[in-house]
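Visitor: Got a structure for you, questions after.
Each value in this text was obtained by applying a stated rule to the coordinates, not by laboratory testing. Remember, predicted model here, so these are calculated numbers, not experimental data. Note that we place each Cβ from the backbone using ideal geometry, even for glycine, and neighbour counts take in every protein chain shown.
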Amino acid sequence: MAKCKQCGKENESGTKFCIGCGGRLETDSSSINLSLLSENNNESAKTIDDCLKTTTVTKQLSSLAYTIERVGKVLFILIILAGLVISYDVATAETISVNSKGVAVSSHSFKGLVFAGSFFVYLIYASIEYYAYKIITALLSSLASIVHNTGVSARITEYMARNNNES
């Protein structure tokens, strides 16, 4: 229990602010529980190899990053296919106009150009979408790496402190 120096209220260990007055509680750096970053708070690492194990959180973040990347690839392909179909429909749509003599005339000119222009727009959109998913994937992978390395550092620190206290 930590006692607030401002109001004297008893607070649970590890809290940063007093529940009585809201004032900041002073923390003793030696009382920080490094095992909070461990997979199982009840078990401490017995060997250095135990310190290096990948936690469930890291595995879940990596799995989420992989899933998001796959979704991005599928959406990219779907947008490209939709772009092909829609661009073809736009390019093959027959435009009818009335000439100066009042006769309806069908226009088939520039179909290739219309198709290319329409498809190019979908290609740009699909590429932007795909790279947005790649960026999200990279951020999640980086977060997984940070979580893993932080956990490893905390477990090694705890392991070393425990072994130094035992000897």
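Visitor: Cut-off under 25 Å on the C-alpha distance; same-chain residues fewer than 8 positions from residue 53 excluded. Which lysines are left, in chain and number order?
Guide: Within the straight-line cut-off, residue 53 pairs with nothing.
Visitor: Calculate, in nm to one decimal, what residue 134 and residue 57 gain on full extension: separation in residues at 0.36 nm each, minus their alpha carbon distance.
Guide: Here the answer is 25.7 nm.
Visitor: Moving to a separate point now. Straight-line reach from residue 5: which lysines have Cα under 26 Å away, leaving out those fewer than 8 places along the same chain?
Guide: Partners found: 16.
Visitor: Counting only Cα atoms, I'd like the Rg/Rh figure for segment 107-155, Kirkwood definition for Rh.
Guide: 1.52
Visitor: With labels modelled as points extended 7 Å from the Cα through the Cβ direction, what inter-label distance (nm, one decimal) is found for residue 78 paired with residue 66?
Guide: The answer from the label model is 2.2 nm.
Visitor: Hey, which lysines would be in cross-link range of residue 73, C-alpha to C-alpha under 24 Å, not counting anything within fewer than 8 residues on its own chain?
Guide: Within reach: 59, 134.
Visitor: Amide H neighbours of residue 11 under 5 Å, at least 5 residues apart or on other chains, H built in the peptide plane: list them.
Guide: Those lying under 5 Å, H to H, from residue 11 are 2, 3, 4.
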